[in-house]
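Okay, structure first, notes after.
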Amino acid sequence: MEHDAWPLVLDLAGVFFFAVSGSLMAAQKNFDIVGSLFLGSLTGLGGGVIRDLVLGRFPNAFAEPVYLAPPVAAAVVVFFLLPAVVKLRRTLLLFDAAGLALFCTTGTITALTLGANPISGALLGTTTAIGGGLLRDTVANVRPQLFDRHDIYAVPALLGAGLVAFLWQVGAYTPASGGAVAVVVFALRVLSLRFR
Amino acid sequence: MEHDAWPLVLDLAGVFFFAVSGSLMAAQKNFDIVGSLFLGSLTGLGGGVIRDLVLGRFPNAFAEPVYLAPPVAAAVVVFFLLPAVVKLRRTLLLFDAAGLALFCTTGTITALTLGANPISGALLGTTTAIGGGLLRDTVANVRPQLFDRHDIYAVPALLGAGLVAFLWQVGAYTPASGGAVAVVVFALRVLSLRFR
Amino acid sequence: MEHDAWPLVLDLAGVFFFAVSGSLMAAQKNFDIVGSLFLGSLTGLGGGVIRDLVLGRFPNAFAEPVYLAPPVAAAVVVFFLLPAVVKLRRTLLLFDAAGLALFCTTGTITALTLGANPISGALLGTTTAIGGGLLRDTVANVRPQLFDRHDIYAVPALLGAGLVAFLWQVGAYTPASGGAVAVVVFALRVLSLRFR
């Protein structure tokens, strides 16, 4: 695998993790397989589409067919493995946390690469990370997880996006330092789940 | 009527059909005439606005005042003919099916004409066809029709948009072949209503 | 203060008024301080972001960090003064009315300045004025205030936006005439609250 492929791979992994959460919500709401595919796509791709619209570029989700693969895979996984994944609720919260950690990093870098200033970049990274989940909960008519008083969700994403923008600004952003930020965000989110 | 006016006429017809469904939802929810006009506009114009934002052009709904006529007409029709249209629920599902058939065709062609590749074009056509109804149901806080297990809604739109993109790609798209696709989508949707 | 700063000041005041309404909704829904900040931001900035996306420019809310100050201030005010503001419900409806009056004016002028025709400008001004509140109510899963049969909300905004576009078209728009329109919209909205 080429070095340049890593950001794409991480971004697609984030799409998959969030798409699984969307397809699971569809299963809870008794939607059919098409509803599962659409809600998974909205969750996995929605945050990035909003980011790209704000940045004024043709959204990846529509421009690059490869972005359709993760939601399809997520819908299939949830459809065939539903009894197993329901048992694995803890594992799934880890997946969601991984999506959050990846998107606040890749979303911020995408915005900065396209010329956003550091504050705009951090805001757009946060929007990428929380946007899909907010769309999922709004369309499915449930109370947004983002607003749950007993759940620390947005703060790790905001911290991670801000840290990536800071590293970029001072010239210290590398794939390694970006990866370290993602790990920290993941850890904060997982700790918040354990100690809430 | 000039030949070039047909796409516009079909697009405005689609806006009207969907706007009627939005104004009817407003009536069911006991919104007033202003709410009826807004929800009808959101339903009839929302899918196209999302498509145009993704394509990076000034949305038709804001740029071309003629696009305001169908939602106004729909709100007036529903306001004055409400007792009749409620009885004509079957007729209205036919209208909604006609909107779906028209929008998956005109939405795809709009995207392809503006330079989208075939897959992007089919996705944007589908988005145009289902977006307005999804906004209608989300804003009105009802379970999206799109996700109804007993209702085949998105699949005909996806098939129609894919077929139009395929015809365009192989150079076989003509107004006649596009119209044939719309008729097939309409027929599939109506059959799904009869046999669900 | 320089003369040119007035539109920005009025726009930021509108953001603050609407952000307070979003943070109050968050308090009613028992969201935490982060939820209060996000729902306030969505309410105060959402209408302008939609307007800017339609106009094809980088949205102010992401481009200009100063736009983050009003939602932060609103979340802090609501957090610390909640018992007082709940008692001051009438005062808050006045704030919301002020936001509506300011946004239908500044939103229309923003669109016209960027080249929109008068009808597009009036539509975008109305969208700016009502968009944030619609997002607030949709995300919080409550019946949109916009659609309340006993509440005249959209009509004053539509009248104000139309009047500003007319004044602009005939060359009679000045900060003073724009301010007069905002006062009229505010008065209409307040009268509708008194006599509903």
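The values are calculated or read from the model by the stated rules, or taken from the named source; none is laboratory data. A quick note: this is a predicted structure, and the numbers were derived from the prediction, not measured. All Cβ positions, even for glycine, are placed from backbone atoms using ideal geometry, and neighbour counts span all protein chains on display. With ligands, DNA and RNA removed, areas are computed over all heavy atoms of the protein, side chains included. Shrake-Rupley method; radii C 1.70, N 1.55, O 1.52, S 1.80 Å.
Things worth noting here:
- Chain A: most fluctuating residue of A:Ser41, A:Ser21, A:Ser120 per GNM, C-alpha cutoff 10 Å: A:Ser120
- Based on C-alpha pairs under 8 angstrom that are at least 6 apart in sequence, chain A has a relative contact order of 23 percent.
- Under Stokes-Einstein, with the Kirkwood radius over Cα pairs as Rh, the value for the stretch C:5-194 at 25 °C and 0.890 mPa s is 151 µm²/s.
- With a 1.4 angstrom probe, the accessible area lost at the C-A interface totals about 1800 Å².
- Of C:Val183, C:Val170, C:Val142, the one that fluctuates the most in a GNM where chain C has Cα springs shorter than 10 Å: C:Val170
- Burial of accessible area (probe 1.4 Å, heavy atoms of protein chains only) in the stretch A:37-74, relative to its chain alone, reaches at least 50 Å² for A:Phe38, A:Leu53, A:Val54, A:Phe58, A:Phe62.
- Starting from the label point of B:Ala172 at 7 Å along Cα→Cβ, the same points in the other copies fall at 6.1, 6.1 nm, in ascending order.
- Per residue, in Å², the accessible surface of the stretch A:5-194 once ligands and nucleic acids are set aside, probe 1.4 Å: 40 Å²
- Toward the positive end of the charge dipole of the stretch B:5-194, with +1 on the Cβ of Lys and Arg and -1 on the Cβ of Asp and Glu, the farthest Cα among B:Phe147, B:Val20, B:Ala165 is that of B:Phe147.
- Phi-derived couplings, Karplus 6.51 cos²θ - 1.76 cosθ + 1.60 at θ = phi - 60°, listed residue by residue for the stretch B:126-138: 4, 4, 4, 6, 9, x, x, x, 5, 4, 3, 6, 5 Hz, with x used for Gly and Pro.
- Computed helical MRE - 222 nm, chain A, DSSP H runs ≥ 4 contributing -39500 (n - 2.57), nearest 500: -26500 deg cm²/dmol
- In order along the stretch A:101-106, the Karplus-derived 3J(HN,Hα) couplings, from 6.51 cos²θ - 1.76 cosθ + 1.60 at θ = phi - 60°, round to 5, 5, 6, 5, 7, 5 Hz, and Gly and Pro are given as x.
- Gaussian network model of chain B, Cα within-10 Å springs - most flexible of B:Val15, B:Val155, B:Val34: B:Val34
- Amide H contacts of A:Tyr153 (H built 1.01 Å from N, under 5 Å, at least 5 apart or other chain): none
- For the stretch A:59-72, the Karplus equation 6.51 cos²θ - 1.76 cosθ + 1.60, evaluated at θ = phi - 60°, returns couplings of x, 3, 4, 9, 7, 10, x, 4, 5, 7, 5, x, x, 5 Hz by residue, with Gly and Pro reported as x.
- When a 1.4 Å probe is rolled over the protein heavy atoms, the share of accessible surface on chain B that falls to carbon and sulfur comes to 71 percent.
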